[in-house]
Structures are given as C-alpha cells and as structure tokens.
Amino acid sequence: MEDPALQMELRSVLTSAIDDLRDGHCISFLLHDVEVCRIKRDLALLRVKVGTVKSRVHRARCSCEGRLAGYMTGEFGGRPDDSASSS
C-alpha cells in the first residue's frame with residue numbers, strides 16, 4: 001500500500017486486533033513475531049511449554065488474520081465500501 005492514509009488505517013486495525021488478543025496469546029505473539037524472539041527465549045520469559053508458545057502464536061496469528069481479512073472485505077465496517085462511492 002502506498003497511500004499513507006490507508007497504511008495508517010490498516011495499522012490501526014492491526015493494533016486493535018493485537019490489543020483484543022488474550023494476554024497469553026498477545027504476549028507470545030508479540031515476543032515471537034514482532035520482537036522476533038526464538039522459542040527458547042520465549043520459554044524462558046513466559047515459563048511455559050514449547051507447545052503452549054506455538055499454540056498461542058498460531059491462535060494469535062489466526063485471530064489477527066481474521067480481523068485483517070474482515071477489514072479488507074468491509075465485513076467489520078472498518079473499510080469503506082467501494083460500491084458506495086460509485087453511486
């Protein structure tokens with residue numbers, strides 16, 4: 001996306017999606033995908049099993065992807081309907 005306004009709006013949707021994640025999922029997701037930590041470091045910080053971190057990261061990704069997909073299709077009312085502008 002080259003449009004700064006759309007980039008800002010998309011960032012807002014993603015931030016909102018991350019904020020809405022359950023605490024364990026949010027922390028695991030942010031450590032693993034945003035801070036680019038590795039599983040071993042995540043385990044040390046979170047004091048949970050490998051499967052728990054992987055599961056939380058997967059669920060967080062799915063949740064964020066769902067929100068972004070909903071935004072892109074206009075399902076959640078975040079993105080203006082293109083057909084409305086042509087009327």
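Computed values, structure above
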{"item": "In region 17-32, the residues that are open to solvent by 50 Å² or more (accessible area, probe 1.4 Å) and not β-branched (Val, Ile, Thr)", "result": "Asp19, Asp20, Arg22, Asp23, Leu30"}
{"item": "Criterion violated by Leu14 - all others in (1) under 15 Å from the mean Cα position of the chain (by Cα); (2) open to solvent by less than 50 Å² (accessible area, probe 1.4 Å) satisfied", "result": "(2)"}
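The values are calculated or read from the model by the stated rules, or taken from the named source; none is laboratory data. As the structure is a computational prediction, the values presented were derived from the model and not from experiment. What goes into the accessible areas is simple: the full protein's heavy atoms, side chains included, and nothing from ligands, DNA or RNA. Shrake-Rupley method; radii C 1.70, N 1.55, O 1.52, S 1.80 Å.
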